[in-house]
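One structure is given here, and the rest of the page talks about it.
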């Protein structure tokens, strides 16, 4: 049995993360911000935002955008990973607010033990969801300000509403 090199493992993780990201964006019906065209093939310019976080200039491009949110999808492979409120997410949060939108952070993980850090879970205009990449099931993180912090199952229709896609089905607009 041959072990993968560090570079091969990094590449495999990158491919897994990209697949998880695309699946979450498609399921939620959001516009993938990594492409120069819309789902229907129209030309578009990806959203990019630059700001200073703790004196450091940070430029971000959210993974997905809609009329109501900027979204970032994080693929977590550990059993009990914590997603921190990184400079990237802080910059995306500020960028979303400048457009009157919320930041949606989707943790793609099979493990119900993954969670957002307290600073990520607390801002008023941040929505934290978890998507199980194996089953496609979605969960919303209950903000600790409103009770016990935990994952609660959420139907895909509610995810699409939160994502600003309403009841749109991505397959109906030519994306399979």
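The values are calculated or read from the model by the stated rules, or taken from the named source; none is laboratory data. None of these values were measured; they are calculated from a predicted model. In this analysis, Cβ positions are derived from the backbone assuming ideal geometry, glycine residues included, and neighbour counts consider all displayed protein chains.
Hey, does the stretch 64-80 have a residue that's out of contact with any strand residue (DSSP E or B) (no Cβ under 9 Å at 6 or more places or on another chain), at pLDDT 90 or above and either closer than 18 Å to residue 164 by Cβ or not in a helix (DSSP H, G or I) (or both)?
Yes, because at least one residue in the stretch 64-80 is out of contact with any strand residue (DSSP E or B) (no Cβ under 9 Å at 6 or more places or on another chain), at pLDDT 90 or above and either closer than 18 Å to residue 164 by Cβ or not in a helix (DSSP H, G or I) (or both).
For the stretch 23-37, which residues satisfy the criterion of being within 29 Å of residue 135 (Cβ to Cβ) and surrounded by fewer than 13 Cβ atoms within 10 Å (Cβ to Cβ)?
If the condition is that a residue be within 29 Å of residue 135 (Cβ to Cβ) and surrounded by fewer than 13 Cβ atoms within 10 Å (Cβ to Cβ), then 35 is the only one that fits.
Residue by residue through the stretch 124-139, note down the ones that are in a loop (DSSP other than H, G, I, E, B) and either within 16 Å of the chain's Cα centre (by Cα) or at positive phi (or both).
125, 132, 133, 136, 137
Can residue 131 be described as in contact with a helix residue (DSSP H, G or I) (Cβ under 9 Å, 6 or more places away or on another chain) and at pLDDT 95 or above?
It is true that residue 131 is in contact with a helix residue (DSSP H, G or I) (Cβ under 9 Å, 6 or more places away or on another chain) and at pLDDT 95 or above.
From the residues in the stretch 47-73 that are surrounded by fewer than 16 Cβ atoms within 10 Å (Cβ to Cβ) and over 16 Å from the mean Cα position of the chain (by Cα), which one is nearest to residue 133 (Cα to Cα)?
59
Determine whether the stretch 151-171 contains at least one residue that is outside any helix (DSSP H, G or I), within 14 Å of residue 118 (Cα to Cα), at pLDDT 70 or above and within 15 Å of the chain's Cα centre (by Cα).
No, every residue in the stretch 151-171 fails to be outside any helix (DSSP H, G or I), within 14 Å of residue 118 (Cα to Cα), at pLDDT 70 or above and within 15 Å of the chain's Cα centre (by Cα).
Could you please let me know if residue 87 is over 12 Å from the mean Cα position of the chain (by Cα) and modelled with pLDDT of 95 or more?
It is true that residue 87 is over 12 Å from the mean Cα position of the chain (by Cα) and modelled with pLDDT of 95 or more.
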